[in-house]
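Below is one structure; the comments refer to it alone.
The values are calculated or read from the model by the stated rules, or taken from the named source; none is laboratory data. Just so you know, these numbers come straight off a predicted model, no measurement behind them. Heads up, the Cβs are rebuilt from the backbone with ideal geometry, glycines too, and the neighbour counts pull from every protein chain shown.
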Amino acid sequence: MATLEQSGSPARYAIVNGRVVLADRLVDGVSLLVEEGRIAGVGDTDAFGSEVLQIDVEGRLVAPGFVDIHTHGALGHEFNEGTPEAFSTILREQAVHGVTSVLATTSSSPLHDTTRCLELLWGWSGVPDGAQIVGAHLEGPFFNTRQGGAQDPQWLSAPDSAAVDELLQYADVIRIMSLAPELPGARALVRRLSALGIVPAAGHSEARDQDILLAVGSGLRHVIHLWSGQSTTVRNGPWRQPGLLEASLAFDSLTAEIIADGRHLPATLMRMAYKCKGADRLCIVSDATRGAGLAEGAHFRLGSLECEVRDGVAMLIDRTAFAGSTTLLDRMLSVVTRDVGVPLVEAIKMMTRTPAAIIGLDDRKGLIREGADADLVVLDSTLNVWATVVMGRWVYRAS
């Protein structure tokens, strides 16, 4: 039986002696046959043939690779830069943390910066030791300035037809576009995105629940980072008017995200989101920015906004808002299971199968079954990443 060091990344092999996370349960005594980047079999090792190379993971947890559909950057870089160096640095760091698939997420910036990123993504062939980019998530610029948070306010606007047309030239690589549904022209954009197969998502918004109902009727499907950049209940005289937050939790047709770094949201709010949405409609995202992987006190910029890493999170320098997280998904798994009390299999689903389903890739990403892509993470008993496998390639292993 081969060790990982001896085997490298062969084209055909079996992962044996692991505790395997399937869709609804954790099972022992099941082996995975990997062939040409796909899972070719799930079952008894003997059924795969004696000639198959066996890689022993020594009782560790074998789960689908993590899927992050909202992540901006790491190690001082962000996707907005639109350079191979930035992409490669971010994707390698994601792989170290068990992430196998990402949406390259942009933030509000000059239009040419966003299109430069999309242009690179069009021809991106990947990095051999990093996570795979499966599309783009455009977070902005069509947001409400009153809920801007760390989005650079000088680039926020209502949907402009010329800007929309320019962005949607890249529709084939865009999987999510986030916007404020109450803005003029937003519902028309939601309809257009839906027709193109792009997920319209609500965020950084002052919408009332009636705005959300109208947007849902036009095709709105998803809501980004609950409690962050969201309107909530207000009173108009004696009348209470729910906002985006309450609509996000109440409407079954909407999927949603939480940033589970233990900083953006206390455990009680994360538990509320889990109880309202369930593991099938709530996913975990990092919303990591340049500060991920940087030391405490490090300074960086998001557009014209100065930020720093402080108390385990990124903040604007004036402390008025968070500026994304500094935590990637593997560390969030511990927070959700330990502090929120989500069962392990459900927590893993929220960062694998559920985000893959939101962007329409759950036929091959975020699950362990025959025919799926061989995207896997191997975790030790303390949920630290021991190895990451992308399309059958062992791209990271702990020393």
- [ ] Hey, can you tell me all the residues within region 122-157 that are of a type in the set (A, V, I, L, M) and modelled with pLDDT of 95 or more?
- [x] Ala131, Ile133, Val134, Ala136, Leu138
Task: Trp394, sole failed condition from (1) in contact (Cβ under 8 Å) with a residue 60 or more places away in the chain; (2) not in a strand (DSSP E or B) - done: (2)
Open item on the list: Restricting to region 82-124, name every residue that is farther than 19 Å from Val199 by Cα, over 20 Å from the mean Cα position of the chain (by Cα) and not aliphatic (A, V, I, L, M).
Closed with: Thr83, Pro84, Glu85, Ser109, Pro110, His112, Asp113, Arg116, Glu119, Gly123
- [ ] Might you let me know whether region 312-330 holds any residue that is of a type in the set (A, V, I, L, M), modelled with pLDDT of 95 or more and surrounded by 23 or more Cβ atoms within 10 Å (Cβ to Cβ)?
- [x] yes
TODO: Residue by residue through region 99-119, note down the ones that are touching a strand residue (DSSP E or B) at 6+ places or on another chain (Cβ under 9 Å) and among the aliphatic types (A, V, I, L, M).
DONE: Val99, Val102, Leu103, Ala104, Leu118
TODO: Identify the residue in region 269-305 that is among the polar types (S, T, N, Q) and farther than 19 Å from Thr354 by Cα and, among all such residues, is modelled with the highest pLDDT.
DONE: Thr289
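Here's the yes/no breakdown for (1) in the same structural domain as Thr255 (by TED's automatic domain parsing); (2) farther than 30 Å from Ala250 by Cα; (3) in contact with a His (Cβ under 8 Å, 6 or more places away or on another chain):
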| residue | (1), (2), (3) |
| --- | --- |
| Gly278 | yes, no, no |
| Val285 | yes, no, yes |
| Glu296 | yes, yes, no |
| His299 | yes, yes, no |
| Glu306 | yes, yes, yes |
| Met315 | yes, no, no |
| Asp318 | yes, yes, no |
| Arg331 | yes, no, yes |
| Thr337 | yes, no, no |
- [ ] May I ask you to list the residues in region 148-174 that are of a type in the set (S, T, N, Q) and surrounded by fewer than 21 Cβ atoms within 10 Å (Cβ to Cβ)?
- [x] Gln154, Ser157, Ser161, Gln169
TODO: Select, from Val16, Val21, Val52, Val30, the only residue that is closer than 23 Å to Asp280 by Cβ and either surrounded by 23 or more Cβ atoms within 10 Å (Cβ to Cβ) or not assigned by TED's automatic domain parsing to the domain that holds Ser286 (or both).
DONE: Val21
Task: Selection within region 309-355 - closer than 16 Å to Gly262 by Cα, assigned to a helix (DSSP H, G or I), over 17 Å from the mean Cα position of the chain (by Cα) and in contact (Cβ under 8 Å) with a residue 24 or more places away in the chain - done: Thr337, Asp339, Val340
Open item on the list: Step by step: first the residues of region 356-369, then only those that are among the β-branched types (Val, Ile, Thr) and under 15 Å from the mean Cα position of the chain (by Cα), then the one that is surrounded by the fewest Cβ atoms within 10 Å (Cβ to Cβ). Which residue is that?
Closed with: Ile359
TODO: State whether one or more residues within region 79-88 are surrounded by 24 or more Cβ atoms within 10 Å (Cβ to Cβ), touching a Lys or Arg at 6+ places or on another chain (Cβ under 7 Å), under 25 Å from Phe142 (Cα atoms) and in the same structural domain as Ser161 (by TED's automatic domain parsing).
DONE: no
- [ ] Being modelled with pLDDT under 95 and either over 30 Å from Ser325 (Cα atoms) or in contact with a strand residue (DSSP E or B) (Cβ under 6 Å, 6 or more places away or on another chain) (or both) narrows it down to one of Val52, Val96, so name that one.
- [x] Val52
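Could you identify the single residue in Leu244, Leu249, Leu220 that is in the same structural domain as Gly197 (by TED's automatic domain parsing), modelled with pLDDT of 95 or more, within 24 Å of Thr337 (Cα to Cα) and not charged (D, E, K, R)? Let's see the steps before the verdict.
Working: Leu244 fails: within 24 Å of Thr337 (Cα to Cα); Leu220 fails: within 24 Å of Thr337 (Cα to Cα).
The match here is Leu249.
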